[in-house]
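Here is the structure we will look at, set down as structure tokens.
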Amino acid sequence: MLKKALATATLAAAAFSTNTASAFCLFNCDYTKTKYPVVLAPGVLGFDKLVGFVDYWYGIPSAMKDGGAKVYTTSASAFNSSEVRGEQLLTQVQSILAITGAQKVNLIGHSHGGFSVRYVADIMPTRVASLTMVHSPVKGAPGADLIRNIAPAGTFSASLIQSVGTAVSNFVTFLAGNTYKENFLASMDSFTTKGAATFNVKHPNGVPTTACGEGAYTANGIRNYSWSGTSSVTNILDPLDVFFGITGLISKEANDGLVGKCAGHFGQVIRDNYPHNHGDAINQLFGIRGLFTPAPTDLYRQQANRLKVAGL
């Protein structure tokens with residue numbers, strides 16, 4: 001009961017901040033003013049804020065609010081199955097709808113968060129106006145396939161990876177001030193080609209039926225969008241690029257370090273070859289990106305405007 005009360009209080013505070021964020025706007029003050037609130041769902045690591053000040057969506061909510069959008073961030077298990085994380089998001093979306101009185105929400109999911117928003121949309125389709133996948137492995141991630149090939153279910157290697165991965169997950173969740181259940185290999189199983197395919201059978205709306213095509217632009221009255229990138233290394237000053245530079249070698253397809261160009265297609269593909277990696281997609285690390293590349297914050301502002309123009 002206390003946990004629910006705290007969650008409600010947090011969302012109420014977010015509502016206040018959302019309603020006042022654009023008070024100092026000087027021009028284009030309604031550029032991002034969507035009809036329905038925007039809800040951001042994180043990918044792996046799952047935090048909203050880490051140790052109280054490190055934002056998952058670095059500078060993105062404020063950039064969207066500056067044009068009039070009402071934006072809410074959510075949290076989830078650092079690593080767990082798509083269904084578990086989907087239920088976690090569902091609870092938060094229901095609270096946001098109750099607090100704001102909005103009839104619908106626009107859901108934007110990064111990485112594994114894309115699975116979460118699709119899960120919620122299928123549970124409550126009449127309360128979701130749009131889905132936007134940002135660098136989300138709709139058709140799976142080769143890195144997860146590799147981990148599961150190295151550590152098949154029931155083996156010692158699987159037990160070791162599960163123990164270490166879940167311990168790290170628990171630590172991240174602790175630093176985020178959350179108490180979610182963690183399950184590292186459940187997350188990897190969701191990301192494998194097989195796991196993603198199984199999820200897509202259960203939640204097919206917006207999923208392309210061809211290898212590298214687009215999906216339904218509208219399904220169940222919900223507008224579907226996606227964008228992704230194909231540059232695993234974008235700035236040598238960004239520590240995250242070392243990781244993505246290595247993991248990007250796993251896939252034969254052009255990718256962002258984790259997600260392949262075609263694997264990220266969903267609904268209307270806005271663009272699938274931004275010069276961004278998986279971290280750049282959320283403006284990390286701390287806004288460092290490649291020279292002369294589009295600002296990630298601008299992409300979210302443009303998407304909010306796109307939703308506004310669509311009457312969403």
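Quick note: the coordinates plus some simple rules give every number you see, no bench work behind them. A quick note: this is a predicted structure, and the numbers were derived from the prediction, not measured. Positions of Cβ are generated from backbone atoms using ideal geometry, with glycine treated the same way; all protein chains shown enter the neighbour counts.
Once you list every other residue whose beta carbon is under 14 Å from the beta carbon of Ala151, what net charge do they have if Lys and Arg are +1 and Asp and Glu are -1? Could you put the intermediate results ahead of the total?
On the way: positive: Arg148; negative: Asp145, Asp189.
The answer is -1.
Before anything else, pin down the relative contact order of the chain: Cα pairs under 8 Å, at least 6 apart, normalised by residue count, whole percent.
20 percent
Near Ala295, within a Cβ-to-Cβ distance under 12 Å, what is the net charge of the other residues, with Lys and Arg +1 and Asp and Glu -1?
Summing Lys/Arg as +1 and Asp/Glu as -1 gives 0.
Of all beta bridges DSSP finds with both residues in the range 103-253, what is the antiparallel percent, to the nearest 5? Please report the intermediate quantities before stating the final value.
Numbers: 2 of 13 bridges.
Bridges in the range 103-253 are about 15 percent antiparallel.
Separation of the range 41-84 and the range 143-219 by C-alpha centroid, Å?
Using only Cα atoms to place each centre, the spacing works out to 19 Å.
Please rank Ile99, Ile60, Ile150, Ile108, fewest neighbouring Cβ atoms within 10 Å first, as an exposure proxy.
Ranking Ile99, Ile60, Ile150, Ile108 by Cβ neighbours within 10 Å, fewest first, gives Ile150, Ile99, Ile60, Ile108.
Among Lys104, Lys194, Lys70, rank each residue by its count of other Cβ atoms within 10 Å, from fewest to most, as a rough exposure measure. Mind dumping the intermediate values first?
On the way: Lys104 19, Lys194 13, Lys70 25.
Sorted ascending by nearby Cβ count, the order is Lys194, Lys104, Lys70.
Between Thr210, Thr34, Thr193, find the one with the highest GNM mean-square fluctuation for the chain; connect C-alpha pairs within less than 10 Å.
Thr210
Please go through the residue pairs Lys35/Lys261; Lys194/Lys252; Lys139/Lys202; Lys181/Lys261; Lys65/Lys308 and name each one whose alpha carbons sit more than 21 Å apart in this structure. The partial results should precede the final answer.
Values: Lys35/Lys261 31 Å; Lys194/Lys252 18 Å; Lys139/Lys202 13 Å; Lys181/Lys261 31 Å; Lys65/Lys308 13 Å.
Long pairs (Cα-Cα over 21 Å): Lys35/Lys261; Lys181/Lys261.
Using each residue's phi in the range 285-300, evaluate 6.51 cos²θ - 1.76 cosθ + 1.60 at θ = phi - 60° and report the 3J(HN,Hα) Karplus result to the nearest Hz, with x for Gly and Pro.
Karplus-based 3J(HN,Hα) across the range 285-300 equals 8, 6, x, 6, 8, x, 4, 6, 9, x, 6, x, 4, 5, 5, 6 Hz.
How big is the convex hull of the Cα atoms of the chain, per residue, in Å³? Intermediate results must be reported in sequence, preceding the final value.
Details: hull volume 39.8 nm³, N = 312.
Residue-normalised Cα hull volume stands at 128 Å³.
May I ask for the net charge around Asp55, where only other residues with Cβ less than 14 Å from the Cβ of Asp55 are counted and Lys, Arg are +1 while Asp, Glu are -1? Show your work: numbers first, answer last.
Details: positive: Lys49, Lys65; negative: Asp48.
That works out to +1.
For each of Cys212, Cys262, count neighbouring Cβ atoms within 10 Å of the residue's Cβ, then give the residues from fewest to most.
Working: Cys212 14, Cys262 19.
The fewest-first ordering by Cβ neighbours comes to Cys212, Cys262.
Using +1 on the beta carbon of Lys and Arg, -1 on that of Asp and Glu, and nothing else charged, what's the dipole of the range 45-107 about the Cα centre, debye to 20? Write down the numbers at each step before the final one.
Numbers: 5 positive and 5 negative charges, 32 e Å.
With only Lys, Arg, Asp and Glu charged at Cβ, the dipole is about 160 debye.
By how many degrees, between 0 and 90 and to the nearest 10, does the Cα long axis of helix 2-20 differ from the longest principal axis of the chain?
50 degrees
Of the candidates Leu90, Leu175, Leu131, which one comes out as most mobile in a Gaussian network treatment of the chain with C-alpha springs shorter than 10 Å?
Maximum fluctuation in the GNM of the chain, among the listed residues, is at Leu175.
Under a point spin-label approximation (7 Å from Cα along Cα-to-Cβ), what is the Phe53-Glu83 distance to one decimal in nm?
Output for this residue pair reads 4.1 nm.
Could you run the Karplus curve 6.51 cos²θ - 1.76 cosθ + 1.60 with θ = phi - 60° over the range 89-99 and give me ³J(HN,Hα) per residue in whole Hz, x for Gly and Pro?
These are the phi-based 3J(HN,Hα) values: 5, 4, 4, 6, 5, 4, 5, 4, 4, 5, 5 Hz.
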